[in-house]
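The values are calculated or read from the model by the stated rules, or taken from the named source; none is laboratory data. Note that the structure is a prediction, hence the values are computed from the model and not measured. Neighbour counts are summed over all protein chains in view; Cβ atoms, including those assigned to glycine, are modelled from backbone coordinates with ideal geometry. SASA here: full protein model, heavy atoms, side chains in, ligands and nucleic acids out. Shrake-Rupley method; radii C 1.70, N 1.55, O 1.52, S 1.80 Å.
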Amino acid sequence: MDRFYGGPQQAVAMLQKGILSRATFKTNRKMAPHSVRFTKPETDNSPRGCYRMAVAVKAHMSVFGWNDNCPVHMISTADGTLLGIVQRQVKSVSKLIKAPVVGPSYTKGMQGWYRHH
């Protein structure tokens, strides 16, 4: 789901019907944890690949805030809390940076990362 439709309430409702989901979400959504939010100033002062994570064990949900030049906020009931590596171009140099596994999985279905501005 994209960030217009995605959020914790939608993820829980879909999971109750047996549907696993991955989504980006707006940080002002109801039930969205404040602990994973990246503001623009925090993004500017944090290294690329920096992340924050929250887990709702009873709801089988993981929520991530990830810094990829712009803050990216994702929620998943399909993936755990594993971290992977993505390749990013920084000026003329290709670098490998840490990213939640939910990101590349989400990217396959959505043709790219959605970025929160």
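Residues of region 83-100 that are open to solvent by 100 Å² or more (accessible area, probe 1.4 Å) and under 19 Å from R52 (Cα atoms): I85, L96, K98.
Conditions tested, residue by residue: (1) in contact with a Phe, Trp or Tyr (Cβ under 9 Å, 6 or more places away or on another chain); (2) closer than 20 Å to D68 by Cβ.
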| site | (1), (2) |
| --- | --- |
| Q9 | no, no |
| A13 | no, no |
| Q16 | no, no |
| I19 | no, no |
| R22 | yes, yes |
| M31 | no, no |
| V36 | yes, yes |
| T39 | no, yes |
| N45 | no, yes |
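Note on region 64-82: residues that are open to solvent by 10 Å² or more (accessible area, probe 1.4 Å) and closer than 18 Å to N28 by Cβ total 1. Region 10-78 holds strands (runs of 3 or more DSSP E) entirely within its bounds, and those carrying 3 or more residues that are among the hydrophobic types (A, V, I, L, M, F, W, C) map to 51-56, 61-68, 70-76. The residues of region 65-83 that are touching a helix residue (DSSP H, G or I) at 6+ places or on another chain (Cβ under 6 Å) and not hydroxyl-bearing (S, T, Y), listed by number, are G65, N67, P71, M74, I75, D79. Within region 6-38, the set of residues being exposed (fewer than 11 other Cβ atoms within 10 Å of the Cβ), within 14 Å of the chain's Cα centre (by Cα) and over 20 Å from G80 (Cβ atoms) comprises H34 only. Residue count for region 80-98, restricted to those that are part of a loop (DSSP other than H, G, I, E, B) and touching a Phe, Trp or Tyr at 6+ places or on another chain (Cβ under 9 Å): 1. The C-beta contact set for region 20-31 (first residue closer than 9 Å to G6 by Cα, second residue open to solvent by 80 Å² or more (accessible area, probe 1.4 Å) and modelled with pLDDT under 80, distance under 6 angstrom, 6+ apart or interchain) comprises T24/Y114.
Each row is one residue, and each column tells you yes or no for (1) out of contact with any Pro (no Cβ under 6 Å at 6 or more places or on another chain); (2) among the β-branched types (V, I, T); (3) at pLDDT 80 or above.
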| position | (1), (2), (3) |
| --- | --- |
| M1 | yes, no, no |
| N45 | yes, no, yes |
| A54 | no, no, yes |
| M61 | yes, no, yes |
| M74 | yes, no, yes |
| S92 | yes, no, yes |
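In the set (1) open to solvent by 80 Å² or more (accessible area, probe 1.4 Å); (2) free of Cβ contacts under 8 Å to residues at least 24 places away in the same chain, A54 fails one condition alone, (1).
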